[in-house]
Amino acid sequence: MPKKKARKRASLKGFFTAVGGVVVKIGAAAKRLGAAVKISKPPAEKADEVARRLREIKRLELMREEELKEERKLLEEKTWEERAELKRPLSERLSSVFYVPLKRPAVRLAKSFKGMDEDLYKANLRVTPERYAAMMLGVSVVIAVFAMIMMLLLRLPLLFVPLGGVLMFGLSFILIRTQPRRRAKARVGEINRLIPYALRHMATQLSSGIGLPETMTSVSQADYGAMSDEFGRVIRDMHAGMSMEEALTAMDRRVDSEPLRRATRQIQRTLRTGGDLSRTLNALADETAFEMRMKLRDYTQSLNLLTMIYMFASAVIPALLMVVIMISSSRAGGGITPQTAGVLYLVLLPFLLIYFVITIKRFEPRL
């Protein structure tokens, strides 16, 4: 018995000794692992430096994105400015080119012309009279010099070169001076042609419950040519501080169109007293369309007479001249000589036919 107890105690002691050795080994391994982890962990200063660098990189990226956005914005603004510059009329761009070298004579010339500012205002040319006078001088000089160079290249007599230059200078100067008036008349014709459609547009929008300023803005953004431009100027005047009646009065003053004048007066009367403006505008559109049809009918009736005169001038007169020449040559004296007949055929008849064509074109209604 005692031997069995001694062996049992020895076996228990060996077991606990083995377990204790394993526990000691595990603790030593854990201690070494903790030391290794502690050694591999960066110090606090190094971690702060890394975080600071990361924040700096992020800040630089944000700055770069802002710079790229600013560059894109500037590029878009430049592109829109170039497009707006190309949309400007040629006279406005040329006036900016010639104004600096020809400022002094242009100022004196602009003072001598009366009514130029009003003509430019009616033609919707946003230039001052001085700048337009500078363009007149500059373009006329360029055309005169070009004409003189062409005469020299064609080897014309030297006496004709300065005379031709002076003649071309005067013709171009007169044409450019009358350009604002002709442009204003062309705008009036375009407005008279498109005003029934614009009035129906306004009547439709007003009948659907849209306000008058929004309706005028819609017309200014539509494709009605000079009519849209004029309503756009009315909207800009209203944004500048003018009342609607004052802006419409200004449009009435710069556009010499009777249908537009009736429409603006009716709008002003409705603003003062009230009423159904949409029905009134529809009636004005129908009345204007009826007047246009009447003008077209009158033109077709007058065209028959003009066509007969043109046929007589182009067919009968040459044959009549030929008969007169033959009779005068058979009598051997007097009458029309062949030289005179040649001048009539080559100069007077073409001029007469061109005059008839221009007359027919002038009577044509702008529909």
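Beta carbons closer than 9 Å, at least 6 apart along the sequence or on distinct chains, pair a first residue in region 110-127 that is in contact (Cβ under 8 Å) with a residue 60 or more places away in the chain with a second that is charged (D, E, K, R) and not in a helix (DSSP H, G or I) for Leu120/Arg126; Lys122/Asp256.
Out of all the residues in region 146-161, is one or more in a helix (DSSP H, G or I), touching a residue at least 40 places away in the same chain (Cβ under 8 Å) and not hydroxyl-bearing (Ser, Thr, Tyr)?
No, region 146-161 contains no residue that is in a helix (DSSP H, G or I), touching a residue at least 40 places away in the same chain (Cβ under 8 Å) and not hydroxyl-bearing (Ser, Thr, Tyr).
With respect to Glu130, determine if the residue is under 25 Å from Phe231 (Cβ atoms), out of contact with any Pro (no Cβ under 6 Å at 6 or more places or on another chain) and either of a type in the set (D, E, K, R) or at pLDDT below 85 (or both). No. Might you check whether a residue that is surrounded by fewer than 16 Cβ atoms within 10 Å (Cβ to Cβ), touching a helix residue (DSSP H, G or I) at 6+ places or on another chain (Cβ under 8 Å) and closer than 26 Å to Ser243 by Cβ occurs anywhere in region 291-303? No, every residue in region 291-303 fails to be surrounded by fewer than 16 Cβ atoms within 10 Å (Cβ to Cβ), touching a helix residue (DSSP H, G or I) at 6+ places or on another chain (Cβ under 8 Å) and closer than 26 Å to Ser243 by Cβ.
Could you check region 190-246 and list, in sequence order, the residues that are β-branched (Val, Ile, Thr), surrounded by 20 or more Cβ atoms within 10 Å (Cβ to Cβ) and out of contact with any Pro (no Cβ under 9 Å at 6 or more places or on another chain)? Answer for region 190-246, where residues must be β-branched (Val, Ile, Thr), surrounded by 20 or more Cβ atoms within 10 Å (Cβ to Cβ) and out of contact with any Pro (no Cβ under 9 Å at 6 or more places or on another chain): Thr215, Val219, Val234. Among the residues of region 107-122, the ones that are aromatic (Phe, Trp, Tyr) and in contact with a Pro (Cβ under 6 Å, 6 or more places away or on another chain) come to 0 in all. Every listed requirement among (1) closer than 30 Å to Glu258 by Cα; (2) surrounded by 12 or more Cβ atoms within 10 Å (Cβ to Cβ) is met by Leu321 save one, (1).
If you go through region 236-249 one residue at a time, how many are touching a helix residue (DSSP H, G or I) at 6+ places or on another chain (Cβ under 6 Å) and free of Cβ contacts under 8 Å to residues at least 24 places away in the same chain? Looking only at that region, the number is 3.
The set of residues in region 229-272 that are assigned to a helix (DSSP H, G or I) and either of a type in the set (Val, Ile, Thr) or in the same structural domain as Arg183 (by TED's automatic domain parsing) (or both) comprises Val234, Ile235, Thr249, Thr264, Ile267, Thr270.
The values are calculated or read from the model by the stated rules, or taken from the named source; none is laboratory data. Predicted model, so just to flag it, every value in this text is computed and none were measured. Virtual Cβ from ideal backbone geometry, glycine too; neighbours counted across all protein chains shown.
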